[in-house]
Amino acid sequence: MNSIHPPVRTPSPIPYSVIFSLPENDILEPLPTPEEIEDSTDVISQRRARCTARVGQRYVVKFGTLVDPVEGENMTFVRQNAPGAPVPKVYAIYQREVTPRTIITYIIMEDVTGHPLDALWDSLNTAQKRDVCTQLRDAFVSLRAARGLGYFGSVDSTKPRDDIFWADVPIRRDGGALNTEAEFVQAVIDKYTIYCGNSEPQKVEYYRRVLPTVLQGTNESVFTHNDLRRKNILIRQDGNIVILGWASAGWYPSYWDYTKAIHLCDWQDDWHEYIGKILTEYPNQQPWMSTLRTELWSSRFVR
């Protein structure tokens, strides 16, 4: 006798592309599928089209429509070229197309346990703070020693991912990186012109005149983390650090990390003093860059 119930159909797996994966011998647990990732209830953080969640026993996955594969590529580059800078291991990077204009990226990395430095800072004594900052300084020395190809931009040879360059208008017609520090500074001026030119035409002319003089580094690009905030530093149980937050890293002028870190330091405690122990200080460039960032950010809400 035939059953009156229709056969149960197993849903087809979500199609996706693997754009990077470690060799099988380096993967200790089966990699999660997009379905398993999106079904995870162990959410670490979630904000504006980005989610970070634990999946299985070994993995943390950062995924969303605003997650850029270059973040995982940056972390892989650092592990291979700056061994003194501790970063989580990236096991794989996936992408799946939801619509032709909507792509979800998944960065599968090792689950590193620890406490963010911003949650610990007030409880640390001076010696402990110095120890953390010594580790960070060693990490940034290792980053600076990484050898590049001389351009200013991302590891994939495209434009810099710093939020100064968010405008839809490309900084180069081919979308590529910039060849010299002078081109990089000109791109900053061009972005300011796009967003502030109508409201501040005289200031645009002033910046065109003076910024090439004041925004000078070594004329060579250095590998830059570009988001040195305490929330991006994990302190493990043994006291060692792990550095997170590589989404906008890349090849920038020598002053870039310092000026960005001071701009974001919030001036609520002594963190700014320790930034000066971690990074070479660039006090001449910092006020200019901080002013530019503030004005560009404000322009988002008045255009």
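Summary of computed values
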read-out: DSSP H segments from the chain that extend 15 Å or more along their own axis, Cα-based, with Kyte-Doolittle mean of 0.0 or above; value: 181-196
read-out: Local net charge near residue 229, Cβ-Cβ under 11 Å (Lys/Arg +1, Asp/Glu -1); value: 0
read-out: Viscosity 0.890 mPa s, temperature 25 °C, Stokes-Einstein D of the stretch 61-116 from Kirkwood C-alpha radius, µm²/s; value: 201 µm²/s
read-out: Cα Rg over Rh - the stretch 17-110, Kirkwood; value: 0.95
read-out: Among 100-107, 254-261, the order from most to least packed when residues are scored by Cβ within 10 Å on average; value: 254-261, 100-107
read-out: Stokes-Einstein D for the stretch 60-212, Kirkwood Rh over Cα pairs, 20 °C, 1.002 mPa s (µm²/s); value: 115 µm²/s
read-out: Over 23 Å [Cα-Cα, the stretch 124-247], rounded percent; value: 46 percent
read-out: Contour minus Cα-Cα distance for residue 103 and residue 21 (0.36 nm per residue); value: 27.7 nm
read-out: Directionally averaged shadow of the chain, computed from the convex hull of its alpha-carbon atoms, nm²; value: 21.1 nm²
read-out: Nearest-0.05 FRET efficiency for residue 110 and residue 269, computed from C-beta distance (R0 22 Å); value: 0.10
read-out: Length released on extending from residue 145 to residue 179, taking residue separation times 0.36 nm less the Cα-Cα span; value: 10.3 nm
read-out: Residue order, fewest to most surrounding Cβ atoms within 10 angstrom, among 251, 166, 121, 246; value: 166, 121, 251, 246
read-out: Value of [θ]222 nm, deg cm²/dmol, for the chain, DSSP H segments ≥ 4, -39500 (n - 2.57) each, nearest 500; value: -10500 deg cm²/dmol
read-out: Farthest toward positive dipole pole in the stretch 115-299 [+1 Lys/Arg, -1 Asp/Glu at C-beta], among 255, 195, 288; value: 255
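Values quoted throughout were computed directly from the atomic coordinates according to the rules given, and no laboratory measurement underlies them. These numbers were taken from a predicted model, which means no experiment stands behind them. Every residue, glycine among them, receives a Cβ derived from its backbone with ideal geometry; neighbour counts consider all protein chains shown.
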